[in-house]
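Working notes for the structure below.
The values are calculated or read from the model by the stated rules, or taken from the named source; none is laboratory data. Note that the structure is a prediction, hence the values are computed from the model and not measured. With ideal geometry, Cβ positions are generated from the backbone for all residues, glycine too; neighbour counts draw on all protein chains shown.
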Amino acid sequence: MKILIVDDEPRHLRGMAGMIGSMRPDAAVMTAKDGAAALDLVRAERPDVVLSDIQMPNLDGLAFLQKLQEEAIEVKVVMVSAYNLFEYAQTAIRHGAYDYLLKPVDMDKVESLLARLEQQLASEAKERGESAGMKHKLEQASSAYRDKLLHQWLIGELSGDQGEELQEYPLLEQLDVLMLTEIRRAEPEDADLPPLMTVLSEQLQVLAEIHGQACVFPLQTIQQGERLITALKFSELSDQSAIALEHELREQTQTRSGRILHGIACRTDSEDIPAMYRRAEKALHYAFHEEWQGVVRAEELEGNEPKETLYLLDGELLFEALQDPSFSKVEAMCREAFKSLAAGGYTEPRLLHNYAALTLIKLKSRTSGIIDQQVGTVLTEAASERIPACGTGRELMEQLLCGLTTVHRALSERKQGTGDAAVEQCLSWIQSHYSEDLTLETAAERFHFNPSYFSTLIKGRTGRSFSDHLTEARMREAKALLAAGKLKIYEIAERCGYRDTKYFTRIFKKQVGLSPEAFKHTARSLTGGDSL
C-alpha cells in the first residue's frame with residue numbers, strides 16, 4: 001500500500017510518518033508539506049491513501065480534495081485536523097473524503113482505519129480481477145453474447161454491423177422511453193418459486209406493451225445488482241404517456257423478497273441512447289429516497305438538485321438525547337434531520353450514507369472512555385459496512401437507529417450513583433446560566449464537591465471538561481444569534497458570557513473555523529437572508 005502524508009507542521013509530519021511506518025513496515029510512505037506539493041505527488045506516484053491536514057498554506061486540505069475531484073483522481077483521502085468541528089467534516093465529506101481523524105491521533109484509531117482501507121483496497125482489486133475474468137466468459141457464451149451487444153448499444157459502442165445481429169434493433173433505434181429496473185433483495189430467492197428476474201421481466205413486458213412496442217432484457221454487468229432494461233416506443237406519444245407508466249410501475253415496487261426500483265428516461269430531441277441510459281441510471285440512483293415511492297423519472301430530477309444541503313443533527317444535542325430514559329427523542333431528531341437533508345428526494349443519496357456513517361463515527365469518538373469499547377466496535381462496523389450497503393433510505397434509517405440504540409442502552413446501563421446525577425444537574429445548569437461568569441470552582445461549590453474531584457468526575461462521566469461544556473453551550477447560542485442576524489457582534493458576545501469581544505471572536509473562530517462575521521454571512525445566505 002502506498003500512503004502519502006500531508007502536513008505543514010514538520011513535527012506532526014514526522015510523527016505520523018513514523019507511526020504509519022511502524023504499523024505497516026511494508027507500506028511505501030511518502031510525505032508532503034502542503035496541498036500543492038501533495039497534488040504533484042499524487043499525479044506522479046498515484047498513492048492508494050492520502051492522510052492530509054486541513055489547514056495548510058498554498059493549497060489547504062479542502063481545496064486539495066476539490067482538485068482531486070476535478071481531475072477525477074481516484075484516491076482514498078483521510079482528513080486530519082486539530083479542530084473537532086462538524087462543519088469541517090461536512091465539507092470534507094462533500095468533497096469526497098473517505099474518513100476524518102482528529103489530532104492528537106490515537107494509534108488504535110489509525111490501526112482500525114488502516115485495516116479498513118486494506119480490506120476495501122483488496123476487495124476492489126479482487127473485483128477488478130473478477131470483472132476481467134467474467135467479461136471473458138461472457139464473450140464465449142452465445143446467449144451472453146446477445147446481452148453483451150445490448151450493453152454495448154446502451155453505452156454507444158455497438159457498430160452498425162453488430163446491430164443487425166439483434167432482432168429488436170429497429171425498435172431500439174426508435175424508442176421513446178428507456179427504463180432501468182433493479183431488484184434490491186431483503187432475503188434470498190425462494191427455490192420453490194419461479195425466479196424473480198424471470199417473473200418481473202414478463203410483468204414489465206406485459207405492462208409496457210399496453211403503451212406500445214417494447215422489449216425487456218437483463219442488463220448483464222458485474223458491479224451492479226439484478227437489473228433489467230425496458231425499451232419502449234409509445235403507440236401514441238403525449239406529455240402524459242410517461243406519467244401514466246410511472247403510476248402503473250409504483251404498484252410493483254414491493255415484492256415477496258425485497259424492493260423493485262425503477263429509473264425512467266424519456267427521449268429528448270437528438271438525444272442518443274448512451275445519454276438516455278445515463279439519465280435513467282441517475283434516476284434509479286435517486287429511487288433510494290422513500291419520497292419517490294420506488295419510481296423516478298429523470299425529467300423530475302433535472303434542474304431540481306439542491307445547491308446547498310444542511311445537516312441539522314447536532315452531535316452534542318444527540319449525545320444529550322441519548323442519555324434520556326426514552327429513545328423517542330433520538331429517533332425524532334434523526335428522522336427530522338435526514339428528512340431535511342433529503343430535500344424531498346433531490347439530494348445525492350451518497351451524501352445521506354456519508355452523514356449517517358459520520359454521525360456514528362463522531363458518536364464513537366464522543367463516547368470513547370465513557371462506555372464499553374465493544375459498543376465502539378459495533379458503531380465502526382455499522383459505519384463502514386452496514387450503512388454503505390443500504391439500498392434505500394428506509395434501510396439507512398433502520399441501520400442508523402440500530403447503532404444509536406446500542407449506545408442508548410449502554411449509556412442507560414451506566415447511569416447510576418449520585419455522581420452521575422450531579423454531573424447531569426451541572427450540565428443542565430450550564431445550559432441555563434452560560435451567559436454568567438461561570439467557573440469550575442463556583443460549579444463545584446454549588447453541587448457540594450471538591451473542585452479537583454468534580455473536574456475529574458465530569459471528565460470521567462462525559463469525556464469532556466467543565467470548560468468544554470461551557471464553551472459548547474456558549475458557541476451554540478452564539479451561532480443561533482448570528483444566524484438570526486438581529487444583534488451586533490459585541491451584543492452577542494455579552495449574551496454568551498464574554499465581556500471581551502476580541503476574546504469572543506478568537507474563541508469562536510477557533511471552535512467554528514470561521515469568524516463571527518463570516519459565519520453570520522454564510523448562515524444568512526443559506527437560509528434566505530431576511531426571511532430569518
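Miscellaneous remarks
- Filter result for the condition that a residue is buried (at least 18 other Cβ atoms within 10 Å of the Cβ), outside the structural domain of GLY513 (by TED's automatic domain parsing) and more than 25 Å from the chain's Cα centre (by Cα), over VAL29, VAL50: VAL29
- The set of residues in region 89-111 that are surrounded by fewer than 18 Cβ atoms within 10 Å (Cβ to Cβ) and acidic (Asp, Glu) comprises ASP106, ASP108, GLU111.
- Test result for SER467, within 36 Å of the chain's Cα centre (by Cα) and assigned by TED's automatic domain parsing to the domain that holds ASP500: yes
- Residue check, THR347 crowded, with 17+ Cβ neighbours inside 10 Å and either among the small types (Gly, Ala, Ser) or modelled with pLDDT under 90 (or both): no
- Out of VAL49, VAL78, sole residue that is of a type outside the set (Phe, Trp, Tyr), touching a residue at least 60 places away in the same chain (Cβ under 8 Å) and out of contact with any Gly (no Cβ under 8 Å at 6 or more places or on another chain): VAL49
- The number of residues in region 99-128 that are farther than 21 Å from SER368 by Cα and either among the aliphatic types (A, V, I, L, M) or touching a residue at least 24 places away in the same chain (Cβ under 8 Å) (or both) comes to 7.
- Residue within region 353-371 that is without any contact (Cβ under 8 Å) to a residue 60 or more places away in the chain and under 24 Å from GLU300 (Cα atoms) present: yes
- Any chance ASP372 is closer than 21 Å to LYS459 by Cα, in the same structural domain as PHE327 (by TED's automatic domain parsing) and out of contact with any Phe, Trp or Tyr (no Cβ under 7 Å at 6 or more places or on another chain): yes
- Each residue in region 355-389 was checked for being in a loop (DSSP other than H, G, I, E, B) and either modelled with pLDDT under 90 or among the small types (Gly, Ala, Ser) (or both), and 7 pass.
- Of everything listed in (1) touching a helix residue (DSSP H, G or I) at 6+ places or on another chain (Cβ under 6 Å); (2) farther than 19 Å from ARG476 by Cα; (3) of a type outside the set (Asp, Glu), the single unmet condition for LEU313 is (2).
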